[in-house]
1. Of everything in segment 117-147 that's modelled with pLDDT of 95 or more and either among the polar types (S, T, N, Q) or in contact with a Cys (Cβ under 7 Å, 6 or more places away or on another chain) (or both), which residue is surrounded by the most Cβ atoms within 10 Å (Cβ to Cβ)?
2. Return yes when residue 34 is surrounded by fewer than 20 Cβ atoms within 10 Å (Cβ to Cβ), under 21 Å from residue 132 (Cβ atoms), touching a Leu at 6+ places or on another chain (Cβ under 8 Å) and not hydrophobic (A, V, I, L, M, F, W, C) and no when it is not.
3. What number of residues within segment 22-55 are out of contact with any His (no Cβ under 8 Å at 6 or more places or on another chain), closer than 17 Å to residue 112 by Cα and touching a residue at least 40 places away in the same chain (Cβ under 8 Å)?
4. Please find, within segment 84-142, the residue that is farthest from residue 12 (Cα to Cα) out of those that are among the small types (Gly, Ala, Ser) and outside any strand (DSSP E or B).
5. For segment 96-125, give me each residue that is closer than 16 Å to residue 39 by Cβ and of a type in the set (Gly, Ala, Ser).
6. Would you be able to tell me the number of residues in segment 40-67 that are part of a loop (DSSP other than H, G, I, E, B) and closer than 12 Å to residue 19 by Cα?
Amino acid sequence: MDMDIHRILEHLPHRYPFLLVDRVLELTPGQSIHAYKNVTINEPFFTGHFPHHPVMPGVLIMEALAQAAGILSFRTMDTRPTDDSVFYFVGIDNARFKKPVMPGDQLHLLVEIERQMRGIWKYKAAAKVEGEAVAEANLMCAQRELP
């Protein structure tokens, strides 16, 4: 299932400058998602990271993977984000950064659901550029009701 930016905005509460998914190429509810982010020199973080050698921060690569995981989770539950709850990162294990991500790269986000129990989701996630791994991690997120 392909999702353009309009459908993505329906399934994520994030907005500019923190929306880090541009398109979903494939999504199988309950299983996996393949999305991407176009990395451009216009990203606000490049002004300071690093002006002489722009590199996408690793924490934002993890956030992009988590946002793809969020879309997958909402599609799996057949719901959409509301103002009553939020998905939080509760763990990142085995994070590895293999190559820098630079302006002009298309960052492919590949996420699989490993487990879901009582509002806690576990995922296996990998980011690739031109088919080559740039980052990977095991992510854990939890849905929490807001007061």
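The values are calculated or read from the model by the stated rules, or taken from the named source; none is laboratory data. What you see is a predicted model; the values in this text were computed from it and never measured. Cβ placement follows ideal geometry from the backbone for every residue including glycine, while neighbour counts extend to all protein chains displayed.
1. Per the stated criteria, the residue is 121.
2. For residue 34, the condition - surrounded by fewer than 20 Cβ atoms within 10 Å (Cβ to Cβ), under 21 Å from residue 132 (Cβ atoms), touching a Leu at 6+ places or on another chain (Cβ under 8 Å) and not hydrophobic (A, V, I, L, M, F, W, C) - is met.
3. 5
4. The extreme case among them is 131.
5. Within segment 96-125, 104 is the sole residue that qualifies.
6. Residues that pass the stated criteria total 1.
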